[in-house]
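Each remark here refers to the structure printed beneath this line.
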Amino acid sequence: MTARSGSIRKGEASAGWLFTAPMLVLLGLFLVVPILMALWVSFSDWGGRGSPFSAGVNFVGLKNYEAVTSGGGLAEQNFGQALRNNLWYVVLVVPLQTIVALALASLVNNQRLKGKGFFRTAFYFPSVTSSVAITVLWMFLFSTTGAINKVLSWVGIHGPNWFNDPQGVVRAILARVGVEQGPSALVNHGFLGVTWWDWLAGPSWAMSALILLAVFTTSGTFMLLFLAALQNLSGDLQEAAMVDGATAWERFTKVTLPQLRPTLFTVITLGLIGCWQVFDQIYVATPGGSPDGTTLTPAYLSYQASFTNNAWGQGAAIAFILFVIIIVFTLIQRWALRERAVSKRRRLNPVPVKVAGLPAGEVER
């Protein structure tokens with residue numbers, strides 16, 4: 001019986017490999033092989049013509065990586081500026097889109113809400129709209145005489161020149177309170193050719209508009225993920241918390257949110273990947289990273305180095321540095337959202353539950 005079971009398992013394994021073989025071949029040809037070719041290009045001086053494996057292509061080691069990380073020239077400065085811009089983009093977009101998506105999912109999951117189908121469709125519609133079309137629309141809304149500045153003028157605010165002012169938002173706010181120049185420690189020192197004072201200047205007004213665009217277009221997709229998770233939660237814990245006298249906010253933070261940890265991890269991971277790879281909005285709204293390179297991102301810089309400057313090795317190097325950055329950020333947020341083990345002391349001495357109308361620790365019999 002054991003020998004026969006073993007042979008059946010071997011047969012199942014062979015059948016499994018047989019069924020997955022076509023997909024493995026496709027992934028190898030169109031995913032693994034191009035990645036390995038790009039990795040070779042990042043270590044070579046290939047100029048974009050002919051085969052990257054031809055005799056005229058030379059191995060240059062880490063030269064392309066050194067040019068953008070420690071070369072001390074324009075390539076390093078552009079990469080530092082692109083990294084700074086994208087970092088502000090990630091820091092602002094990921095939390096905002098996660099919070100907005102969770103709020104929308106909680107709203108449309110409310111049993112008292114009428115017209116749920118309409119609101120779900122309306123909130124999700126920007127996510128399926130062409131990114132080029134919605135970016136062009138955004139440019140009209142945020143133009144100097146656009147609707148956004150018009151609305152701001154109603155409340156006495158003179159709107160900025162969104163897509164032409166290179167000044168950082170944080171620095172603009174500091175200038176309003178009289179801080180025009182940063183301390184010498186920040187002005188005279190920096191990283192990747194960019195001073196610390198510029199690192200802390202905040203996103204430009206153009207990047208701020210693109211940040212709002214990203215939140216507007218992606219929150220609907222993540223709303224569906226949160227909505228599916230909310231609808232799969234058991235109501236028993238919510239009812240028990242209500243019986244114990246927990247408020248709506250306490251039920252959300254102590255009962256609902258911990259159960260959404262897997263979905264939260266998925267949403268943040270997808271958000272991080274998407275934000276670090278932002279390209280199409282930059283290409284359409286601010287060609288060349290204008291104004292003054294304040295919307296330049298590593299993904300756009302990689303495209304520019306490869307297809308505009310024919311520095312394919314440098315472009316591939318930027319792409320692989322970006323890949324490492326995404327992996328690092330993903331591991332960090334995976335660590336931050338990991339399951340915490342309950343200490344032995346807390347297991348032996350649980351926190352008393354306060355029931356409405358009774359002293360803490362006492363349960364009505």
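Just so you know, all these numbers are worked out from the coordinates, no wet-lab data involved. Since this is a predicted model, take the numbers as computed values, not measurements. Positions of Cβ are generated from backbone atoms using ideal geometry, with glycine treated the same way; all protein chains shown enter the neighbour counts.
Check which residues have an amide H placed less than 5 Å from S204's amide H, if you skip close sequence neighbours.
For S204, whose amide H was placed from the backbone, the distant partners under 5 Å are V169.
Contact order normalised by length for the range 65-338, with contacts defined as Cα pairs under 8 Å and 6 or more residues apart; what percent is it?
RCO, the range 65-338: 29 percent.
Plugging the Kirkwood radius over Cα pairs into Stokes-Einstein for the range 117-238, at a temperature of 37 °C and a viscosity of 0.692 mPa s, what D comes out in µm²/s?
The Stokes-Einstein estimate is 186 µm²/s.
Pick out which of W138, W249, W335 has the largest mean-square fluctuation in a Gaussian network model of the chain, springs linking Cα atoms closer than 10 Å.
W249
With springs connecting C-alpha atoms under 10 Å apart, model the chain as a Gaussian network and identify which of T295, T286, T129 has the largest mean-square fluctuation.
Of T295, T286, T129, the most mobile in the Gaussian network model is T129.
Can you give me the long-range amide H partners of S44? Hydrogens built in the peptide plane at 1.01 Å from N, cutoff under 5 Å, separation of 5 or more residues or another chain.
Here the answer is V60, since their amide H atoms fall under 5 Å of that of S44.
Top mean-square fluctuation among G80, G271, G190, Gaussian network model of the chain, C-alpha springs under 10 Å?
Comparing G80, G271, G190 in the GNM, the peak value goes to G190.
Residue separation times 0.36 nm, minus the C-alpha to C-alpha distance between T253 and I173: what's the value?
Value of the extension gain: 25.5 nm.
If all Cα-Cα distances of the range 83-174 are sorted into 5 Å bins from 0 onward, what percent lands in each bin, rounded to whole numbers?
3, 10, 12, 16, 20, 18, 12, 6, 3, 0
Show the residues, 5+ positions off or on another chain, whose built amide H is closer than 5 Å to the amide H of G146.
The answer is none.
Report, as a whole number in µm² per second, the diffusion coefficient that Stokes-Einstein gives for the range 65-338 at 37 °C and 0.692 mPa s using the Kirkwood radius over alpha carbon pairs.
So the translational diffusion coefficient is about 158 µm²/s.
Where in the chain are the helices, taken as whole DSSP H runs, whose Cα atoms extend 27 angstrom or more along the long axis and whose Kyte-Doolittle mean reaches at least 1.6?
205-231, 312-336
Run a plain Debye calculation on the range 20-111 (Cα atoms as equal point scatterers, no solvent) and give log10 I(q)/I(0) at q = 0.12, 0.15 Å⁻¹, rounded to two decimals, same order as the q list.
-0.72, -0.86
Run the simple label-point estimate for F125 and T145 please: 7 Å along Cα→C-beta, distance reported in nm.
Simple spin-label model gives 2.8 nm for this pair.
Please compute the length gained on full extension between V32 and R112, using 0.36 nm multiplied by the number of residues separating them and subtracting their Cα-Cα distance.
Contour length minus Cα-Cα distance gives 23.8 nm.
Going highest first, how would you order 210-222, 53-65 by mean Cβ packing within 10 Å?
Ranking the peptides 210-222, 53-65 by packing returns 210-222, 53-65.
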